[in-house]
Structure formats: structure tokens, C-alpha cells
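Data first, discussion second: the structure below is written as C-alpha cells.
The values are calculated or read from the model by the stated rules, or taken from the named source; none is laboratory data. Computed from a prediction, not measured in an experiment: that's the story for all the values here. Neighbour counts run over all protein chains shown; Cβ positions are idealised from the backbone, glycine included.
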Amino acid sequence: MTAAELAALDAQISACRACPRLVAWREEVAAVKRAAFRDQEYWGRPVPGFGPADARILVLGLAPAAHGGNRTGRIFTGDRSGDVLFAAMHRTGLANQPTSVSRDDGLTLRHVRIAAAVRCAPPDNKPTPVERDTCAPWLHREVTLLRPTLRVVIALGAFAWSAWWPTLSTVYGVRPPVPRPAFGHGALFRPGDTAGAVPALLGSYHVSQQNTFTGRLTPAMLDDVLRQARELAGLD
């Protein structure tokens, strides 16, 4: 039933209109379009998660890109960040191909589901705290459905890292440590005394152009995190 339940959740997410600023922005972008995509029909809605219902790893990003996921309807699909992420996932055996340009391009993920902490493309890639909190129940419900198999969460950036703590409390009933562990590339938090029932949290710099073009995040660094996630998830 989990696959059907996830599909139903994805449909509910795609119809959400809870945040007026995000609704206005995503729809404006979909109407105006970027010149390079002027002949394409934009998705222009919240972008649901993507990947199998029995995923052992969840890759958690910030929000869809205005001309990436907001255009294609699939998270990290059709933008430079996705180019970096899917290439790395292919190198580490977590995706069947190294690129993703559209929802029907044949991409399949292995053992991994990808989602965003905020499901709508925000202006300047910066959701507000209220928008983050309004969107949080979608993540909580998604993680609840993934809970039987989920073993590792990779937080792409500090925003996703912060979004995990309420999920940890709401879904798993585990009180986050005080002070909360600081985000960093390769940072690892493993809840104690849970016998693997609560996922480990693994940090990675976001796959944004700001990080990849400057060398702050290299392909080797991203590969290392994905390989560590595989090991933590019991895939290696």
C-alpha cells in the first residue's frame, strides 16, 4: 500500500495552495517563462518527491528551482543542480542514468527518494520561516510512509539540515539534542539507542551552482557522501 499512499500524497502536494507568496511566484514564472523554454509548458505547481516507496536513503533539498522542478514537475530535473546530483548518483549506483531533463526521460532511482523541505519554487531561492513551517507536514507525512525502510537522510545544505529536526520529533518521537548538531559537509548525526530504527542524518553542501562552480563542493566530495550514505543504509 505504501506506493499507492505515496502517489496519493504526491497528488495532494501538487494541489497545495497554502502559501500565497509562493503560489503567486511559481505561477508567474510558469506564465512568463525563460526564453530558452518559451515553447514548453511549465508545471507551475508544488513539486512532489520522487523515488521508490521502499527507499533506504532520502535526499532532502531546499526547494524546487524556478526553471528546473517548477518547469519540469520533478525535483532537481532540468537544472544545473540536478545535473551535478544525478551524475553523482549514477556514479555511485543510485540512479540508472547520469542526466535528467524531463519527467519522462527514463530516469529511475535505486534505493533513494528525493524531496524538498519546501515544495514550491520561492523567489530568490529563499523561503520564509512561515513557508517552511507551513510546508513541513508534507515532509512529515512522506517520511512516515518511508519509515519502514528509511535508514539515512542526506541534507543538502543547512536549510534541509534544520528542517530535519522537527521531522525527527514529529515522526519518530525523538527529541533533538540541545544544542543541535551543527551543519557541515560530511557532518553525521546518529540517534543513540534506536537500533537503526531512526535514520542517520548526513550533511552535504548543496549542489547549487554557487557551490559547484566555486569548488566548494567537488564531484569527489559529493561521491564520498553518497558512498557513506550507501554504507550507513546497509547497501554496501
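Checked against (1) over 15 Å from the mean Cα position of the chain (by Cα); (2) free of Cβ contacts under 8 Å to residues at least 60 places away in the same chain, A117 passes all but a single condition, namely (1).
Looking only at region 23-37, decide whether some residue is surrounded by fewer than 22 Cβ atoms within 10 Å (Cβ to Cβ), closer than 22 Å to V153 by Cα and not charged (D, E, K, R).
Checking region 23-37: not a single residue is surrounded by fewer than 22 Cβ atoms within 10 Å (Cβ to Cβ), closer than 22 Å to V153 by Cα and not charged (D, E, K, R).
Does region 216-226 contain at least one residue that is modelled with pLDDT of 95 or more, over 15 Å from A88 (Cα atoms) and crowded, with 16+ Cβ neighbours inside 10 Å? No - not one qualifying residue is present in region 216-226. The set of residues from region 163-179 being touching a residue at least 40 places away in the same chain (Cβ under 8 Å) and among the small types (G, A, S) comprises just one member, A163.
For region 195-206, the criterion of a residue being in a loop (DSSP other than H, G, I, E, B), among the aliphatic types (A, V, I, L, M) and in contact with a strand residue (DSSP E or B) (Cβ under 7 Å, 6 or more places away or on another chain) is satisfied by no position.
For the criterion of being in contact (Cβ under 8 Å) with a residue 24 or more places away in the chain and closer than 19 Å to L139 by Cα, L9 passes. Within region 38-84, if we keep just the residues that are surrounded by fewer than 24 Cβ atoms within 10 Å (Cβ to Cβ) and touching a Phe, Trp or Tyr at 6+ places or on another chain (Cβ under 6 Å), the residue that is nearest to Q228 (Cα to Cα) turns out to be L62. Would you confirm whether or not region 61-80 contains a residue that is of a type in the set (S, T, N, Q), outside any helix (DSSP H, G or I) and more than 23 Å from W161 (Cα to Cα)? Looking through region 61-80, none of the residues is of a type in the set (S, T, N, Q), outside any helix (DSSP H, G or I) and more than 23 Å from W161 (Cα to Cα). For region 97-115, filtering for residues that are hydrophobic (A, V, I, L, M, F, W, C) and part of a strand (DSSP E or B) leaves 4.
You will find that of V118, V178, V171, the residue that is more than 19 Å from L217 (Cβ to Cβ), at pLDDT 95 or above, part of a loop (DSSP other than H, G, I, E, B) and aliphatic (A, V, I, L, M) is V118 and no other. The one condition from (1) out of contact with any Lys or Arg (no Cβ under 8 Å at 6 or more places or on another chain); (2) of a type outside the set (A, V, I, L, M); (3) at pLDDT 95 or above; (4) more than 16 Å from A55 (Cβ to Cβ) that R230 does not meet is (4). Put simply, of R113, R190, R141 the only residue that is buried (at least 21 other Cβ atoms within 10 Å of the Cβ) and of a type in the set (K, R) is R113.
Residues in region 21-59 that are of a type outside the set (A, V, I, L, M, F, W, C), in contact with a Lys or Arg (Cβ under 9 Å, 6 or more places away or on another chain) and assigned to a helix (DSSP H, G or I): R26, E27.
Within region 3-55, the set of residues being among the charged types (D, E, K, R) and within 19 Å of T77 (Cα to Cα) comprises D10, R26, E27, K33, R34, R38, D39, E41, R45.
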